[in-house]
Amino acid sequence: MASDANGIPELDQDKYDADEQVKIICLGDSAVGKSKLMERFLIDGYRPQQLSTYALTLYKYNTTIDRKAVLVDFWDTAGQERFQSMHPSYYHKAHACIMVFDVQRKITYKNLTNWYTELREYRPEIPCVVVANKIDADMKVTQRNFNFAKKQGLPLYFVSAADGTNVVKMFKETIKMAMSYKQNSSDFMDEVMRELENFELEQNKDLSLQTAQEGLKPESPESV
Ligand SMILES: Nc1nc2c(ncn2[C@@H]2O[C@H](COP(=O)(O)OP(=O)(O)OP(=O)(O)O)[C@@H](O)[C@H]2O)c(=O)[nH]1
Ligand SMILES: [Mg+2]
């Protein structure tokens, strides 16, 4: 869907078809700590002040998996106080999803259902991890049962962007899942998209062939 890019090369999503590029999206309500988790992982830093993400931030991360260089794009957008649908291009071609809630705010846990339902509308089979953030505020929460993850069969990580607990582990495992999905995917939606793209290509080819042939035809006397 190159047209989504509006001329901005960073947003051209065709690049995610290349073997060594993966796209990982982040979902969750506002202020659960999505951006702070990215910062903790990518710059090993944490500034407590909150600046809600404006529109979209792309974080780039270079790594090596099985001796192959891999470029990971993390997509981070503003969550909302109340759940609202994301633009479909946010989900487009994503290879994994990090879904975050704040252990201090029950509503953000409840809203996982909405985020997850929407995710599955667009990406039925990509790996998804559930992240319980801010455990530094109360370590006892790690004893609690958060059944949503178990019910959906998703891995659950207890993390803290503030002190770094489990952050690297969660990100590294998610990247591995994204790569493995990418290499082995038989995702139905991916197949459909590929078929559609091929179909469009074929049609364009036929059309240009036809145009070329028409151009070769000798002009009829009427058309002169
Ligand atoms: N105690 C504690 N506070 C945290 C942690 N992670 C984030 N916060 C705080 O939570 C607030 C929101 O963090 P952000 O990372 O901006 O949240 P966000 O999910 O990106 O929010 P939006 O961009 O609005 O969707 C900030 O004030 C952070 O300091 C954490 O692990 N522990
Ligand atoms: Mg943010």
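The values are calculated or read from the model by the stated rules, or taken from the named source; none is laboratory data. Keep in mind the model is a prediction, meaning the values are calculated, not measured. Please note: Cβ atoms are built from the backbone with ideal geometry, for glycine as well, and neighbour counts cover all protein chains shown.
What about THR64, is it at pLDDT below 95, in contact with a strand residue (DSSP E or B) (Cβ under 9 Å, 6 or more places away or on another chain) and within 16 Å of ligand 2 (Cβ to nearest atom)?
It is false that THR64 is at pLDDT below 95, in contact with a strand residue (DSSP E or B) (Cβ under 9 Å, 6 or more places away or on another chain) and within 16 Å of ligand 2 (Cβ to nearest atom).
Which of the residues spanning the stretch 24-45 are under 25 Å from LYS176 (Cβ atoms), within 7 Å of ligand 1 (Cβ to nearest atom) and part of a loop (DSSP other than H, G, I, E, B)?
GLY28, VAL32, GLY33
Select from the stretch 30-74 the residues that are under 18 Å from the mean Cα position of the chain (by Cα) and over 25 Å from PHE158 (Cβ atoms) and list them in ascending order. Before you say what the answer is, go through the steps one by one.
First pass over the stretch 30-74, keeping only residues under 18 Å from the mean Cα position of the chain (by Cα): 30, 32-39, 41-42, 53-63, 70-74.
Answer for the stretch 30-74, where residues must be under 18 Å from the mean Cα position of the chain (by Cα) and over 25 Å from PHE158 (Cβ atoms): TYR54, ALA55, LEU56, LEU58, LYS60, ASN62, VAL70, LEU71, ASP73.
Would you tally the residues in the stretch 29-45 being loosely packed, with under 11 Cβ neighbours inside 10 Å and at pLDDT 80 or above?
Counting residues in the stretch 29-45 that are loosely packed, with under 11 Cβ neighbours inside 10 Å and at pLDDT 80 or above gives 1.
I'd like to know if the stretch 131-143 contains one or more residues that are more than 15 Å from ligand 1 (Cβ to nearest atom) and at pLDDT below 95.
Checked the stretch 131-143: at least one residue is more than 15 Å from ligand 1 (Cβ to nearest atom) and at pLDDT below 95.
Those residues that are within 16 Å of ligand 1 (Cβ to nearest atom) and surrounded by 10 or more Cβ atoms within 10 Å (Cβ to Cβ), I need them from the stretch 46-66; list them, please.
Hits for the stretch 46-66 are TYR46, GLN50, SER52, THR53, LEU56, THR57, LEU58, TYR59.
Tell me which of these PHE146 doesn't satisfy, since it passes every other one: (1) surrounded by fewer than 17 Cβ atoms within 10 Å (Cβ to Cβ); (2) at pLDDT below 95; (3) within 29 Å of HIS87 (Cβ to Cβ).
Condition (1) is where PHE146 drops out.
Where residues in the stretch 107-116 are loosely packed, with under 15 Cβ neighbours inside 10 Å and under 12 Å from PHE148 (Cβ atoms), which of them is farthest from the chain's Cα centre (by Cα)?
Filtering the stretch 107-116 down to residues loosely packed, with under 15 Cβ neighbours inside 10 Å leaves 107, 110, 113.
Now narrow it down to the ones that are under 12 Å from PHE148 (Cβ atoms): 110, 113.
Working: LYS110: 21, THR113: 17 Å.
Within the stretch 107-116, the match that is farthest from the chain's Cα centre (by Cα) is LYS110.
Quick check on my filter: what residues within the stretch 79-117 are touching a residue at least 24 places away in the same chain (Cβ under 8 Å) and out of contact with any strand residue (DSSP E or B) (no Cβ under 8 Å at 6 or more places or on another chain)?
GLN80, GLU81, PHE83, SER85, PRO88, SER89, HIS92, GLN104, ARG105, ILE107, THR113, ASN114
Can you pull out the residues in the stretch 75-91 that are buried (at least 17 other Cβ atoms within 10 Å of the Cβ), more than 10 Å from the chain's Cα centre (by Cα) and either under 24 Å from LYS172 (Cα atoms) or among the small types (Gly, Ala, Ser) (or both)?
Residues satisfying the conditions are THR77, GLY79.
Quick one: which of ALA94, ALA69 is away from ligand 1 (no atom under 13 Å from the Cβ), outside any helix (DSSP H, G or I), of a type in the set (Gly, Ala, Ser) and surrounded by fewer than 13 Cβ atoms within 10 Å (Cβ to Cβ)?
It is ALA69.
Picking from TYR46, TYR59, TYR54, which residue would you name as being out of contact with any helix residue (DSSP H, G or I) (no Cβ under 9 Å at 6 or more places or on another chain) and within 16 Å of ligand 2 (Cβ to nearest atom)?
Sole residue among the options that is out of contact with any helix residue (DSSP H, G or I) (no Cβ under 9 Å at 6 or more places or on another chain) and within 16 Å of ligand 2 (Cβ to nearest atom): TYR54.
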